Amino acid sequence: MKKFEVGRWYSMSSPCDHECIWSYQVISRTEKTIILSDGKEEKRCRISRHSSEFFKAEAVYPLGSYSMCPILVADKEV
């Protein structure tokens, strides 16, 4: 399974508008959480075990978990 690496940038797009893209840098990580920065603010996110198994790469929900939410996956490196 691909994992998030500290210092690397990852991006995700909106499921409704693929021109809407968010990019985050991994600031630090533990086994179950990562801290992301978009250049303005930092967010602490828990790695989703269920989504990570589905994508075969670590996955987090930086904008929250809701219907049609974007998912940041470790294999979407910028």
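List pairs: first residue in the range 1-17 and over 12 Å from S28 (Cα atoms), second residue of a type in the set (K, R) and surrounded by 13 or more Cβ atoms within 10 Å (Cβ to Cβ) anywhere in the structure, Cβ distance under 7 angstrom, at least six positions apart or on different chains.
So the pair list comes out as Y10/K76; S11/K76; M12/K76.
Restricting attention to the range 41-52, which residues are surrounded by 12 or more Cβ atoms within 10 Å (Cβ to Cβ), of a type outside the set (K, R), out of contact with any Asp or Glu (no Cβ under 7 Å at 6 or more places or on another chain) and not in a loop (DSSP other than H, G, I, E, B)?
E42, C45, S51
How many residues, within the range 63-78, are part of a loop (DSSP other than H, G, I, E, B), β-branched (V, I, T) and either over 15 Å from G7 (Cα atoms) or at pLDDT 95 or above (or both)?
1
Tally time: how many residues in the range 65-78 are within 13 Å of M12 (Cβ to Cβ) and small (G, A, S)?
Selection size over the range 65-78: 1.
Could you list, in sequence order, all residues of the range 4-53 that are small (G, A, S) and more than 15 Å from V78 (Cβ to Cβ)?
Of everything in the range 4-53, those that are small (G, A, S) and more than 15 Å from V78 (Cβ to Cβ) turn out to be S14, S28, S48, S51, S52.
The values are calculated or read from the model by the stated rules, or taken from the named source; none is laboratory data. Remember, it's a predicted structure, so these values are computed and weren't measured experimentally. Cβ sites come from the backbone with ideal geometry, for glycine too, and all protein chains shown count toward neighbours.
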